[in-house]
Amino acid sequence: MLSPEVLTHLNKFRQNGFLKKEAGGQLFGKLDGKTFLVNIATGPRESDKRSRNRYLPDRKEEQAEIKEHFKNGHLYLGDWHTHPEKKPVPSELDIETTNDCFQKSTHEMPGFAFIIVGKTTLVRDWYIGVTAKAGTRRLNLV
């Protein structure tokens with residue numbers, strides 16, 4: 001579940017113009033059973049590397065965000081980034097990076113959220129998925 005504040009933040013960075021660069025960040029909140037309650041979205045940061053078709057986060061800054069939000073009672077729930085597509089599809093690199101992050105992280109999470117924001121404001125057109133031990137899969141929104 002994405003809070004209105006998170007939706008507003010993600011919508012700010014949609015690549016709905018030719019010159020807009022990819023953006024991204026992290027998702028924080030609570031876990032209620034198997035339901036992700038995402039109420040904080042970070043990024044992009046000035047230290048991230050961004051172009052029209054590429055987003056490379058500052059990993060050191062990401063780690064600092066995780067520690068800071070954890071101190072305030074918020075769990076790291078996953079990542080988000082944009083694609084300049086109406087209905088984004090994760091690249092092989094997106095899937096590989098997300099799976100690698102899940103496997104190498106120390107946590108007790110059932111999975112990590114994975115959101116790719118498309119060109120439109122229609123959340124159902126975005127890629128919203130979860131990465132777990134079995135890999136990455138798209139979630140069907142109701």
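Using a Gaussian network model of the chain with C-alpha springs under 10 Å, which one of Lys104, Lys30, Lys49 is most mobile by mean-square fluctuation?
Comparing Lys104, Lys30, Lys49 in the GNM, the peak value goes to Lys104.
Starting from the Cα of Lys133, draw a straight line to each of the aspartates and glutamates and keep only those under 13 Å, dropping any in the same chain fewer than 8 residues away.
Candidates past the 8-residue exclusion: Glu96, Asp100, Glu108.
List the aspartates and glutamates whose alpha-carbon lies under 12 Å from that of Lys87, not counting same-chain residues fewer than 8 positions away?
Here the aspartates and glutamates satisfying the reach criterion relative to Lys87 are Asp125.
If you place +1 on the Cβ of every Lys and Arg and -1 on the Cβ of every Asp and Glu, how big does the dipole about the Cα centre of the chain come out, in debye to the nearest 20?
Here the size comes out at about 380 debye.
In degrees between 0 and 90, to the nearest 10, how far off the longest principal axis of the chain does helix 59-71 point, with axes built from Cα atoms?
50
What ranking of Glu61, Glu108 emerges when the number of other C-beta atoms within 10 Å of each C-beta is taken as an exposure proxy, fewest first?
Going from least to most buried by this count: Glu108, Glu61.
For Val117, which sequence-distant residues (separation of 5 or more, or a different chain) have an amide H within less than 5 Å of its own amide H, given hydrogens modelled in the peptide plane?
Counting only residues 5 or more places away or on other chains, the set is His81, Thr82, His83.
What does the convex hull of the Cα atoms of the range 39-142 come to per residue, in Å³, rounded to a whole number?
Enclosed volume per residue, from the Cα hull, is 119 Å³.
Running a GNM on the chain with Cα contacts under 10 Å, which residue among Gly33, Gly24, Gly118 ends up with the highest mean-square fluctuation?
Maximum among the listed residues: Gly33.
Can you work out the FRET efficiency for the pair Asn53 and Leu139, with r the C-beta to C-beta distance and R0 = 25 Å, to the nearest 0.05?
The formula returns an efficiency of 0.50 here.
Sum -39500 (n - 2.57) across every DSSP H segment of at least 4 residues in the chain, then divide by the residue count to get the 222 nm mean residue ellipticity, nearest 500.
-7500 deg cm²/dmol
Please go through the residue pairs Lys12/Lys71; Lys71/Lys104; Lys21/Lys49; Lys12/Lys104 and name each one whose alpha carbons sit more than 19 Å apart in this structure.
Lys12/Lys71; Lys71/Lys104; Lys12/Lys104
Tell me, in nm to one decimal, what length is gained between Lys34 and Asn16 on full extension, where the rule is 0.36 nm per residue of separation less the Cα-Cα distance?
Additional length available on full extension: 3.2 nm.
Please find, in a Gaussian network model of the chain (springs between Cα atoms separated by less than 10 Å), the residue of Ile116, Ile66, Ile40 whose mean-square fluctuation is greatest.
Result: Ile66 has the largest fluctuation of those listed.
Once you keep just the Cα pairs under 8 angstrom separated by 6 or more residues, what percentage relative contact order results for the range 4-138?
Rounded, it is 24 percent for the range 4-138.
Using only Cα atoms, locate the centre of the range 5-61 and the centre of the range 72-115, then give the distance between them in Å, rounded to an integer.
Taking the Cα centre of the range 72-115 as reference, the centre of the range 5-61 is 11 Å away.
All of the numbers you see were taken from the coordinates with simple rules; none came from a lab. Fair warning: this is a prediction, and the values are worked out from it, not measured in the lab. Ideal geometry is used to build each Cβ from the backbone, glycine not excepted, and the neighbour counts take in all protein chains shown.
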